[in-house]
1. Scan region 1-38 residue by residue and report those that are more than 19 Å from His96 (Cα to Cα) and either at pLDDT below 85 or loosely packed, with under 14 Cβ neighbours inside 10 Å (or both).
2. Starting from region 145-167, take each residue that is under 16 Å from Asn84 (Cα atoms) and list its partners that are surrounded by fewer than 16 Cβ atoms within 10 Å (Cβ to Cβ) and of a type in the set (Phe, Trp, Tyr), counting only C-beta distances under 9 angstrom and pairs at least six apart or across chains.
3. So Gly75 passes all but one of these: (1) at pLDDT 75 or above; (2) in a helix (DSSP H, G or I). Which condition number does it fail?
4. Restricting to region 131-165, and then to whatever is of a type in the set (D, E, K, R) and closer than 14 Å to Leu78 by Cα, can you tell me which residue is surrounded by the most Cβ atoms within 10 Å (Cβ to Cβ)?
5. Exactly one of these conditions fails for Leu189: (1) at pLDDT below 90; (2) in a helix (DSSP H, G or I). Give me its number.
6. If you go through region 115-146, how many residues are basic (Lys, Arg) and either part of a loop (DSSP other than H, G, I, E, B) or over 16 Å from the mean Cα position of the chain (by Cα) (or both)?
7. Looking at the structure I just gave you, is Ser86 modelled with pLDDT under 90, part of a helix (DSSP H, G or I) and either under 19 Å from the mean Cα position of the chain (by Cα) or not polar (S, T, N, Q) (or both)?
8. Only residues that are at pLDDT below 90 and either touching a helix residue (DSSP H, G or I) at 6+ places or on another chain (Cβ under 7 Å) or surrounded by 15 or more Cβ atoms within 10 Å (Cβ to Cβ) (or both): list them for region 112-130, please.
Amino acid sequence: MAKSEKRLEILQAALKVISQVGFEGAKMEDIAKEAGIGKGTIYEYFDSKNTLFQEMLRHCAKEFREGLSKALAEGETLLEKICNFSLYGANFLNSHALLLNSPLVSHSLPEEIRLQMKENWDSLFKLIEDEVKKGIFTHEVQPNIDPEMAASLIIGGVNQYIAIKIFGDRFAPEEMDHTGIAKLILSGLS
(Lines give C-alpha, C1' and ligand atoms only; values in the text may rest on other atoms or scores of the structure.)
Protein backbone atom coordinates (compact mmCIF):
# COMPACT_ATOMS: atom_id res chain seq x y z
CA MET A 1 0.00 0.00 0.00
CA ALA A 2 1.30 3.47 -0.90
CA LYS A 3 2.28 5.78 1.92
CA SER A 4 -0.40 8.31 0.90
CA GLU A 5 -3.09 5.60 1.04
CA LYS A 6 -2.00 4.49 4.52
CA ARG A 7 -2.01 8.11 5.67
CA LEU A 8 -5.56 8.54 4.34
CA GLU A 9 -6.69 5.35 6.11
CA ILE A 10 -5.30 6.69 9.39
CA LEU A 11 -7.08 10.02 8.87
CA GLN A 12 -10.36 8.23 8.14
CA ALA A 13 -9.95 6.01 11.20
CA ALA A 14 -9.26 9.08 13.34
CA LEU A 15 -12.38 10.75 11.96
CA LYS A 16 -14.47 7.76 12.94
CA VAL A 17 -13.00 7.37 16.44
CA ILE A 18 -13.03 11.09 17.29
CA SER A 19 -16.59 11.35 15.98
CA GLN A 20 -17.65 8.64 18.42
CA VAL A 21 -15.78 9.63 21.59
CA GLY A 22 -14.62 13.22 21.07
CA PHE A 23 -11.12 14.61 20.90
CA GLU A 24 -10.25 14.09 24.56
CA GLY A 25 -11.65 10.55 24.63
CA ALA A 26 -9.87 9.42 21.48
CA LYS A 27 -6.83 7.22 22.11
CA MET A 28 -4.13 6.55 19.56
CA GLU A 29 -4.56 2.83 20.30
CA ASP A 30 -8.22 3.01 19.25
CA ILE A 31 -7.36 4.90 16.08
CA ALA A 32 -4.67 2.34 15.23
CA LYS A 33 -7.11 -0.51 15.84
CA GLU A 34 -9.73 1.14 13.63
CA ALA A 35 -7.12 1.57 10.88
CA GLY A 36 -5.95 -2.02 11.28
CA ILE A 37 -2.38 -1.03 12.12
CA GLY A 38 -0.09 -0.88 15.11
CA LYS A 39 -0.01 2.25 17.28
CA GLY A 40 3.62 2.86 16.31
CA THR A 41 2.64 3.11 12.65
CA ILE A 42 0.54 6.18 13.38
CA TYR A 43 3.64 7.91 14.74
CA GLU A 44 5.41 7.27 11.44
CA TYR A 45 2.88 9.65 9.89
CA PHE A 46 1.83 11.96 12.73
CA ASP A 47 3.90 13.00 15.75
CA SER A 48 0.95 13.56 18.12
CA LYS A 49 -2.81 13.33 18.48
CA ASN A 50 -3.01 17.10 17.95
CA THR A 51 -1.09 16.82 14.68
CA LEU A 52 -3.27 13.93 13.55
CA PHE A 53 -6.43 15.87 14.40
CA GLN A 54 -5.19 19.00 12.62
CA GLU A 55 -4.43 16.96 9.52
CA MET A 56 -7.84 15.30 9.75
CA LEU A 57 -9.51 18.73 9.86
CA ARG A 58 -7.40 19.92 6.91
CA HIS A 59 -8.39 16.81 4.99
CA CYS A 60 -12.11 17.31 5.76
CA ALA A 61 -11.95 21.03 4.94
CA LYS A 62 -10.12 20.35 1.67
CA GLU A 63 -12.62 17.64 0.77
CA PHE A 64 -15.54 19.97 1.55
CA ARG A 65 -14.02 22.97 -0.26
CA GLU A 66 -13.25 20.95 -3.39
CA GLY A 67 -16.67 19.32 -3.41
CA LEU A 68 -18.45 22.61 -2.78
CA SER A 69 -16.48 24.35 -5.54
CA LYS A 70 -17.48 21.57 -7.94
CA ALA A 71 -21.12 21.69 -6.82
CA LEU A 72 -21.25 25.47 -7.26
CA ALA A 73 -19.59 25.27 -10.69
CA GLU A 74 -22.28 22.83 -11.86
CA GLY A 75 -24.97 25.48 -11.35
CA GLU A 76 -25.55 28.23 -13.86
CA THR A 77 -27.87 30.47 -11.86
CA LEU A 78 -27.62 31.46 -8.23
CA LEU A 79 -30.75 29.39 -7.57
CA GLU A 80 -29.05 26.29 -9.00
CA LYS A 81 -25.87 27.04 -7.04
CA ILE A 82 -27.81 27.32 -3.76
CA CYS A 83 -29.63 24.04 -4.56
CA ASN A 84 -26.27 22.40 -5.27
CA PHE A 85 -24.82 23.84 -2.05
CA SER A 86 -27.77 22.48 -0.11
CA LEU A 87 -27.52 18.99 -1.60
CA TYR A 88 -23.73 18.83 -1.29
CA GLY A 89 -23.83 20.22 2.26
CA ALA A 90 -26.50 17.71 3.26
CA ASN A 91 -24.49 14.79 1.91
CA PHE A 92 -21.31 16.04 3.58
CA LEU A 93 -23.05 16.66 6.90
CA ASN A 94 -24.71 13.27 6.73
CA SER A 95 -21.36 11.52 6.25
CA HIS A 96 -19.49 13.64 8.83
CA ALA A 97 -22.37 14.27 11.24
CA LEU A 98 -20.85 12.95 14.42
CA LEU A 99 -17.62 14.88 14.11
CA LEU A 100 -19.11 18.17 12.97
CA ASN A 101 -21.81 18.23 15.64
CA SER A 102 -20.10 16.64 18.59
CA PRO A 103 -19.96 18.97 21.59
CA LEU A 104 -17.25 16.67 22.92
CA VAL A 105 -15.08 17.66 19.98
CA SER A 106 -15.72 21.39 19.82
CA HIS A 107 -15.34 22.04 23.56
CA SER A 108 -12.13 20.12 23.98
CA LEU A 109 -10.11 21.43 21.04
CA PRO A 110 -6.78 23.14 21.56
CA GLU A 111 -6.72 26.82 20.56
CA GLU A 112 -4.54 26.30 17.47
CA ILE A 113 -7.03 23.77 16.11
CA ARG A 114 -9.98 26.10 16.74
CA LEU A 115 -8.08 28.81 14.85
CA GLN A 116 -7.45 26.42 11.96
CA MET A 117 -11.15 25.56 11.86
CA LYS A 118 -12.00 29.28 11.71
CA GLU A 119 -9.61 29.76 8.79
CA ASN A 120 -11.20 26.82 6.99
CA TRP A 121 -14.66 28.24 7.63
CA ASP A 122 -13.62 31.68 6.39
CA SER A 123 -12.39 30.26 3.08
CA LEU A 124 -15.64 28.33 2.59
CA PHE A 125 -17.68 31.41 3.45
CA LYS A 126 -15.79 33.33 0.76
CA LEU A 127 -16.92 30.83 -1.88
CA ILE A 128 -20.57 31.62 -1.16
CA GLU A 129 -19.94 35.35 -0.85
CA ASP A 130 -18.28 35.31 -4.29
CA GLU A 131 -21.32 33.57 -5.77
CA VAL A 132 -23.56 36.29 -4.30
CA LYS A 133 -21.33 38.93 -5.93
CA LYS A 134 -21.71 37.11 -9.25
CA GLY A 135 -25.48 37.09 -8.66
CA ILE A 136 -25.41 40.84 -8.18
CA PHE A 137 -23.45 41.21 -11.42
CA THR A 138 -25.93 39.01 -13.34
CA HIS A 139 -28.92 40.81 -11.74
CA GLU A 140 -30.18 37.68 -9.97
CA VAL A 141 -29.68 39.57 -6.72
CA GLN A 142 -30.56 43.20 -5.98
CA PRO A 143 -27.57 45.51 -6.42
CA ASN A 144 -27.98 47.01 -2.93
CA ILE A 145 -27.61 43.62 -1.16
CA ASP A 146 -24.60 43.28 1.14
CA PRO A 147 -22.75 40.16 -0.16
CA GLU A 148 -21.41 39.26 3.28
CA MET A 149 -24.84 39.46 4.86
CA ALA A 150 -26.40 37.51 1.98
CA ALA A 151 -23.74 34.78 2.25
CA SER A 152 -24.51 34.52 5.97
CA LEU A 153 -28.21 34.16 5.20
CA ILE A 154 -27.59 31.48 2.56
CA ILE A 155 -25.16 29.47 4.67
CA GLY A 156 -27.22 29.80 7.83
CA GLY A 157 -30.49 28.97 6.11
CA VAL A 158 -29.15 25.97 4.24
CA ASN A 159 -27.21 24.64 7.23
CA GLN A 160 -30.18 24.98 9.56
CA TYR A 161 -32.53 23.34 7.07
CA ILE A 162 -30.28 20.33 6.43
CA ALA A 163 -29.44 19.92 10.13
CA ILE A 164 -33.15 19.79 11.04
CA LYS A 165 -33.86 17.34 8.24
CA ILE A 166 -30.90 15.05 9.01
CA PHE A 167 -30.96 15.10 12.81
CA GLY A 168 -34.60 15.89 13.55
CA ASP A 169 -36.56 14.31 10.74
CA ARG A 170 -33.96 11.64 9.83
CA PHE A 171 -34.21 12.48 6.13
CA ALA A 172 -31.60 11.22 3.70
CA PRO A 173 -30.02 14.06 1.70
CA GLU A 174 -31.89 13.10 -1.47
CA GLU A 175 -35.25 13.33 0.37
CA MET A 176 -34.81 17.03 1.17
CA ASP A 177 -36.30 19.89 -0.83
CA HIS A 178 -33.09 21.61 -1.90
CA THR A 179 -34.88 23.60 -4.59
CA GLY A 180 -37.48 24.77 -2.09
CA ILE A 181 -34.91 26.09 0.39
CA ALA A 182 -32.97 27.76 -2.43
CA LYS A 183 -36.11 29.46 -3.79
CA LEU A 184 -37.14 30.56 -0.33
CA ILE A 185 -33.72 32.07 0.37
CA LEU A 186 -33.49 33.70 -3.05
CA SER A 187 -36.97 35.19 -2.92
CA GLY A 188 -35.70 37.40 -0.12
CA LEU A 189 -32.67 38.38 -2.20
CA SER A 190 -34.30 39.26 -5.51
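1. First, the residues of region 1-38 that are more than 19 Å from His96 (Cα to Cα): 1-6, 27-29, 32-33, 36-38.
Residues satisfying the conditions are Met1, Ala2, Lys3, Ser4, Glu5, Lys27, Glu29, Gly36, Gly38.
2. Pairs found: Ala151/Phe125; Ile155/Phe125.
3. (2)
4. First, pick out the residues of region 131-165 that are of a type in the set (D, E, K, R): 131, 133-134, 140, 146, 148, 165.
From what's left, closer than 14 Å to Leu78 by Cα: 131, 133-134, 140.
On the way: Glu131: 22, Lys133: 16, Lys134: 16, Glu140: 17.
Within region 131-165, the match that is surrounded by the most Cβ atoms within 10 Å (Cβ to Cβ) is Glu131.
5. (2)
6. Keep residues of region 115-146 that are basic (Lys, Arg), which gives 118, 126, 133-134.
Of the ones still in play, those that are also either part of a loop (DSSP other than H, G, I, E, B) or over 16 Å from the mean Cα position of the chain (by Cα) (or both) are 133-134.
Total meeting the criteria: 2.
7. Details: modelled with pLDDT under 90: no; part of a helix (DSSP H, G or I): yes; either under 19 Å from the mean Cα position of the chain (by Cα) or not polar (S, T, N, Q) (or both): yes.
When the stated conditions are applied, Ser86 does not pass them.
8. Taking region 112-130 and keeping what is at pLDDT below 90, we get 112-124.
Ile113, Gln116, Met117, Asn120, Ser123, Leu124, listed by residue number.
The values are calculated or read from the model by the stated rules, or taken from the named source; none is laboratory data. This one's a predicted model, so the numbers in the text were calculated from it and none came from an experiment. Ideal geometry is used to build each Cβ from the backbone, glycine not excepted, and the neighbour counts take in all protein chains shown.
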